[in-house]
Amino acid sequence: MISVSMTQGAVLLSLVLLIAVLIHGRIQTGTAFVLLALGYYSFGLIDLTKLLQNYVEPSLITLVLLMLISVALEKTLLIERVGERLMSGAYPVALARMMVVTASFSAFLNNTAVVASLLGVVSKNGRFAPSRLLLPLSYAALFGGVITLVGTSTNLVVNSFAVRAGMEPIGMFDFAWVGLPVALVCTVVVVVLARWLLPEHESTESRNNSYFLEASIQPDSPLTGRSVLENGLRQIDGLFLAEVVRTGHLISPVGPQEILEAGDILIFTGEVDKVHVLERFPGLKLFEEEMNIVRTNLVEVVVVADSPLVDNTIRDVNFRALFDAAVVGIRRGQVRLSGKLGEIHLKAGDAMMLAVGADFANRKNLDRNFYVLKGGTRKPRLSMPQSYAVFAAFAGVILLGAFEVIPLVKGLALLLIALLFLRLIDVAELRRRFPFELVLVIGSALAMSQVMASTGVADLIAGGLHSIVGGNGPLWALVAVFVVTLILTELMSNNAAAALVFPIAFSLAQSLGVSPLPFVMALAFGASASFITPFGYQTHLMVFTPGRYCFMDFVRMGLPVSLAYSVTALLLLPWAFPFHPQ
């Protein structure tokens, strides 16, 4: 019988509630972690000094510097120029080439930045349907992330936990012993199965036909009191009247003899670029905008995962004032959202067609909220010589850190200072892109780990796992750690999953009397194994709507990839990181 103290019971309950909150998703991850860490401090489970020290961990500082330097790397032309040359040859060849290049960049650069740089290029390639390429693009970013220490934030987070627990720091290329074979095997699996498991949505017209357009009949419009047929609205150039919303009720399909009333909201589908033809109908107003702005100023964007727009409506955030843009249509995966656009709660990954004003490109909040897929004024770019210089400097810092010539954090700090001094980036850009939520999550997670260790909760859970799988040897315990982390990372962010499992994995290794390193690495690989749902990783959300995917597309493609990833990793982990190192 396991004895649980009142304190341990309270900590266990708090962890269960945290997992429930993270899965539910209504509270941001950073907020949930900070509240729990502050709760632990309030009840005396951790003192203030130790709590605050967690937010200035060297590995966390390294991660922040990497993400700030990625602002300059995103402004280079190199990734896009390489991306433009990937789509030649037959589909399997182009797919394999794209995935290898993406994984290579992602091994050293921020995954989100790599996918963002290639998203527009791949979506507009003109040879293959975006749906055949975008999900593999996201997967390849994950494959590349597990090759090096800096490939993904999760690896650096796990390294922070390891160092705090008294282990030796994980080397820059220690992950490659398992990560490189995993990336190669999974790339082959995707290339072989993509032809049968990925949908093929037409690329040329699909985007134009993938939105509903909303227009309202004004009180003084001559359209009122006349039928759809009499007004010539049944089918016009490139657009089709699909629905009418009247006082909250949906009329669909719309008959040709339907009499229109003032205040009716007309929902059109068809070619978005032809929306300006609606200006010929007097008293018909496009959602929140006059017709003449949409002739040449259409921009398609995707809402980023941590945007303040998420879970808010267009009217709630005063969208027009924020961005000098009006929403023409919204799309979520394969679903075209109709009804009242102003009342739709936006989600991460939603694609939006915007009619933008002259000041749209100058707004400072664009990068924080959107990835631009089509149209719009491009943000300032570095020249090719500057691009090569920035990449060369970054590669030099990584290599110097890997061979311990200078500490990685010092090299990154010097590079960031140089970029600012040369005006390749500015302080305002860094302020907008500072990863506040990531700092809060990781710092709070380190505090939670300390509390789980100091109260004995980590040992308690590890003891339970030991009693279940420990009798079969450390290999089964390793498998349990990997599988538990994999399941959690499909339900919440990978960093959150790593934070919750690390103290348990470390205590489990100690209870088995084996090296904790294979368990720590299993945790890291399990936390990067999110392939089955579009919600497990932010790059999946980035490609979800541009690829017009549905949930089952991820399941069909993700299951065999997850199986290949897991089997390869679990076979190699005990070999690369022995339980009893000599």
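The values are calculated or read from the model by the stated rules, or taken from the named source; none is laboratory data. Worth saying up front: this structure is predicted, and the values here are computed from it rather than measured. Backbone-built Cβ (ideal geometry, glycine too); neighbour counts: all protein chains shown.
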ask   = Looking at L559, L573, L486, L523, which one is touching a Leu at 6+ places or on another chain (Cβ under 7 Å), assigned to a helix (DSSP H, G or I) and in contact (Cβ under 8 Å) with a residue 12 or more places away in the chain?
value = L573
Contacts under 9 angstrom Cβ, first residue in the stretch 309-321 being in contact (Cβ under 8 Å) with a residue 12 or more places away in the chain and under 19 Å from K364 (Cβ atoms), partner outside any loop (DSSP other than H, G, I, E, B) and of a type in the set (D, E, K, R), 6 or more apart = R320/E289
Helices (runs of 4 or more DSSP H) lying entirely in the stretch 29-140 (those with 3 or more residues that are surrounded by 18 or more Cβ atoms within 10 Å (Cβ to Cβ), at positive phi and touching a residue at least 60 places away in the same chain (Cβ under 8 Å)) = none
request  = Would you point out the residue of the stretch 143-179, among those that are of a type in the set (F, W, Y) and closer than 15 Å to F577 by Cα, that is farthest from the chain's Cα centre (by Cα)?
outcome  = W177
message = Can you confirm whether F544 is of a type outside the set (S, T, N, Q), within 17 Å of the chain's Cα centre (by Cα) and surrounded by fewer than 20 Cβ atoms within 10 Å (Cβ to Cβ)?
response = no
ask   = Considering the stretch 230-270 alone, what residues qualify as being in a loop (DSSP other than H, G, I, E, B), buried (at least 19 other Cβ atoms within 10 Å of the Cβ) and on the phi > 0 side of the Ramachandran plot?
value = none
ask   = Is it true that some residue in the stretch 177-200 is assigned to a loop (DSSP other than H, G, I, E, B), over 23 Å from F554 (Cα atoms), of a type outside the set (S, T, Y) and at pLDDT 85 or above?
value = no
inquiry  = Residue under question is I468, and the condition is that it be assigned to a helix (DSSP H, G or I) and out of contact with any helix residue (DSSP H, G or I) (no Cβ under 8 Å at 6 or more places or on another chain); does it hold?
reply    = no
ask   = Is there a residue in the stretch 423-435 that is surrounded by fewer than 21 Cβ atoms within 10 Å (Cβ to Cβ), at pLDDT 85 or above and over 27 Å from the mean Cα position of the chain (by Cα)?
value = yes
task = Enumerate the strands (runs of 3 or more DSSP E) found wholly within the stretch 319-383, keeping only those where 1 or more residues are farther than 15 Å from Y211 by Cα, at pLDDT below 75 and touching a strand residue (DSSP E or B) at 6+ places or on another chain (Cβ under 7 Å).
result = none
request  = Scan the stretch 414-465 residue by residue and report those that are of a type in the set (S, T, N, Q) and outside any helix (DSSP H, G or I).
outcome  = T455
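Among S530, S515, which is among the hydroxyl-bearing types (S, T, Y), in contact with a Ser or Thr (Cβ under 6 Å, 6 or more places away or on another chain) and not in a helix (DSSP H, G or I)?
Exactly one residue qualifies, and that residue is S530.
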